[in-house]
Structures are given as C-alpha cells and as structure tokens.
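Single-structure report; data block below.
Read-outs: derived from the displayed coordinates by stated rules, not from any lab. As the structure is a computational prediction, the values presented were derived from the model and not from experiment. Cβ coordinates were reconstructed from backbone atoms using ideal geometry, including for glycine residues, and neighbour counts include every protein chain displayed.
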C-alpha cells in the first residue's frame, strides 16, 4: 500500500514539472528558475522515496562486505596455520628421514642375522643328516663287503683245496677220518 502511495505522489509531482518546463513564458520567472525548482522537487521526491531502500541496500552491502572480509580473514588464518604446519613438518623432514633410514638399516641387519642363523641351523641339520646317512651307507657297504669278501675267501679256499687235493691224498684223508671216527 505504501508503494502505491509513493508511486502516485511521484507521478503527481512529475506532471506539473513537465508542464512548467515545456511552457514558453513563465509570467516573469526566468525559465532557469523553473528548471531548478523542478530539479529540487524531483530530487526531494527521489530522496524521500529512495531513502529507506537505499539505506537498506547500503546496510546489506556493508554487512555482505563485512561477512566477506570475515570469511577472507578466516581463510587467511587457516591458510597461515596450514603453512606453518607445513613449515614445521619440512623442518623436521630431514630428521624424520634419517630416523626412518636408521630404522630400516637396523631392521635389515636384524633380518640378515636371523637369515644367517636359520641358514646355519639348516646347514648343521643337513650336515648331521648327511653324516648319519654316510655312516649308515658305510656300515651297509662294510657289511656287503664283508659278505663278498667271505664268499670270495671261501671260494678261493675251496679252489685251493680242490687244486691241492688229488685222488691219492683224498683216499688217505678219507681213511684217516674213518679211523679217527672208529
């Protein structure tokens, strides 16, 4: 309702100002004076009509700018904190790298020692197993060799006896053996 009233007053004031400005004679008042009067009335009306909306617009703009500045300050503070954190990490990066390197070297040495211990244990187990297998094979070979040697010895003895005994000696031995039995 208030805007309708403002629009009516605005139109009402514009009509006479256009009429006075367009007349040729002004009954003794200079035409420049009417121009200034029309401009003053028009600007007064504009001031009256636009005072509150302009004031609200400028207040909103001020609040918006203030909010943007506050947000920018917050972002700046966050960025500054992130930068300081990154600088702190960067300063300790060499120390951290050296610590990690030392830890890796220590762990590698421990693993190498463990691997050597496992390999030595495995080697001693394999040596013991191989020694047992060799001893078992030696016993087996010695047993086989003894049996073979005995067979060969018996065979050689039989062959020697057969070759040294002839028929005459064989008869004498048989006779001696029978005599002893009787």
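Counted by neighbouring Cβ atoms within 10 Å, the residues 35, 125 run from fewest to most as 125, 35.
Its Kirkwood hydrodynamic radius, worked out from the mean inverse distance over all distinct Cα pairs, puts segment 96-181 at 19.9 Å.
Exposure proxy shown here: for 167, 148, the number of other Cβ atoms within 10 Å sets the order, fewest to most, as 167, 148. With the simple spin-label model, which puts each label point 7 Å out from Cα in the Cβ direction, the residue 101 to residue 182 separation comes to 11.2 nm.
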